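Right, one structure below, let's go through it.
None of the figures in this text is laboratory data; all of them are computed from the coordinates on show. As the structure is a prediction and not an experimental result, all values here were calculated from the model. No Cβ is skipped: glycine too gets one built from the backbone with ideal geometry, and neighbour counts run over all protein chains shown.
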Amino acid sequence: MKLHDLTSHARAGHVEEINLISLEGGIYLLEARIDGRSHHLDDGQGHATHLRSVEHAREVLHEFPDLPFHLVHNVVHDEMCGMDADSQDTVKVPISTRVSH
């Protein structure tokens with residue numbers, strides 16, 4: 001979903017939450033939950049839009065209404081300890097879309 005479309009959905013009240021997915025290598029992806037389904041932010045050509053940081057995500061979302069916003073990352077310690085990779089959990093931490101001063 002392109003940023004313009006995501007912004008329109010957010011303003012119309014269709015977006016349930018925004019998740020900032022943290023990946024290895026300092027890459028972040030934005031995911032919007034609409035009607036219980038996830039929609040990733042892309043460049044309009046099917047490529048995921050990579051963000052650099054939480055602050056970068058806040059810059060992208062600066063025109064959005066206040067919505068639940070979470071930083072999400074996988075807990076990989078189970079895999080590192082020899083557990084089954086399917087047992088990975090995620091940690092979802094609420095954060096603000098606004099910069100606090």
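Working out 0.36 nm times the residue gap between D43 and I27, then minus their Cα-Cα distance, what length gain in nm do you get to one decimal?
Details: separation 16, 0.36 × 16 = 5.76 nm, distance 1.55 nm.
The D43-I27 span can extend by a further 4.2 nm.
Report the relative contact order of region 25-78, percent, no decimals, based on alpha-carbon pairs under 8 angstrom and at least 6 residues apart.
Details: 38 pairs, mean separation 15.3, N = 54.
RCO, region 25-78: 28 percent.
Show me, for region 2-11, the HN-Hα J-couplings you get by feeding each phi into the Karplus relation (A = 6.51, B = -1.76, C = 1.60, θ = phi - 60°), rounded to Hz, glycine and proline as x.
Values per residue, Gly and Pro as x: 6, 4, 4, 5, 4, 4, 4, 4, 5, 5 Hz.
Check which residues have an amide H placed less than 5 Å from E17's amide H, if you skip close sequence neighbours.
HN-HN under 5 Å from E17: R33.
Take E55 and V93, extend 7 Å from each Cα along the Cα→Cβ direction, and tell me the distance between the two endpoints in nm.
For E55 paired with V93, the spin-label model returns 1.6 nm.
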